[in-house]
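Here the structure is laid out as structure tokens; the discussion comes afterwards.
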Amino acid sequence: MSVKILADSACDLPLSFYEENGVTLFPLGVHLGEQEYEDLLTIDPSTVYKAIRSGEMPKTSQVSPLKFEEYFKEMAKNKEEGIYIAFSSQLSGTYQTAVMIRNQVKEEFPDFNLTIIDSKCASLGCGLVVMEAQKLAASGASLEAIEKDVTFRCEHMEHLFTVDDLNHLAKGGRLSKGSAFLGGLLNIKPLLNMENGKLVPIEKHRGQKKLLRRIIEVMKERGQQFEKQIVGISHADSLDLALEMKEQIKTELNVKDVVITEIGASVGSHTGPGTIAFFFLNELPA
């Protein structure tokens, strides 16, 4: 029996990926007004971006503990083993909740074998790791081999992204208000990355063109063996820009492939529309 791969909606892979590859989806919660939705299942990103543009501030919640409990117990009863690649613990309590529920289930089913990894990644940065884990599981790899690959990729996954409004990240608690204050004026565009699972602004540039040029430069500085790796681009209602950047990356970095996905409702509630993000490895597994 192959190892089961589990992921949450914050890795910004499309619903079709889960359905076609047998990967288990745990949706984060998205709250708009009085309504509560399940990311990827009962709300789409366009609804969130429309709400933000009209002045609403969506809220999000971690994966339901009950969903974890129900699924983990089912796995334990069926004597299935698996690996759950979780959204960064610095951005959500989902990882901690999953570990707590797993440990509770193990009290009833001591042989339950589920590895839970804090990816310290977000959006398609986590999604690329999930994609590779699914390929390994489909090929019959052991849980130990998949865990080793996942751990390596999470540690070496680079995130480079820009947002239209840093204040939106600050309001959602995903960035300090002091950092947010750095942007906003004179068409200053921030370049952010992830450091130990947290969002951190690293540079400021005037105008989007200069910033996008700089992103490719930073990719060249940090990445390696692009001809052997898949680069990810995720966007928030910016498909045309994502496609334009895909062509530039393919031309300048000679990448194996580029995958584009839309930033989902849960992550998009914090980044806001106009966000575009790039993901790649700074070192490849041996």
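No value in this document is a laboratory result; all are computed from the given coordinates. In this text, all values refer to a predicted model and were calculated from it rather than measured experimentally. Cβ placement follows ideal geometry from the backbone for every residue including glycine, while neighbour counts extend to all protein chains displayed.
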Taking the Cα centre of each part, how many Å lie between region 257-286 and region 89-151?
-> 19 Å
Isolated Cys residues of the chain, judged by Cβ distance under 4.7 Å to other cysteines | 154
DSSP loop trypsin sites (Lys or Arg not before Pro) with at most 14 other Cβ within 10 Å: longest gap in the chain = 80-255
What is the local net charge at residue 267, summed over the other residues whose Cβ is closer than 9 Å to its Cβ (Lys, Arg +1; Asp, Glu -1)?
-> -2
Those lysines that a straight Cα-Cα span of less than 16 Å connects to residue 148, excepting residues fewer than 8 apart in one chain | 4, 120, 135
Non-local residues with an amide H under 5 Å from the amide H of residue 205, with H modelled 1.01 Å from N and Pro and chain starts lacking one, are 189, 191
Computed helical MRE - 222 nm, the chain, DSSP H runs ≥ 4 contributing -39500 (n - 2.57), nearest 500 = -13000 deg cm²/dmol
Compute the signed sum of charges (Lys and Arg +1, Asp and Glu -1) over the other residues within less than 10 Å, Cβ to Cβ, of residue 115.
-> -2
Could you list, bin by bin from short to long, the percent of Cα-Cα pairs of region 204-258 in 10 Å steps?
-> 22, 56, 22, 1
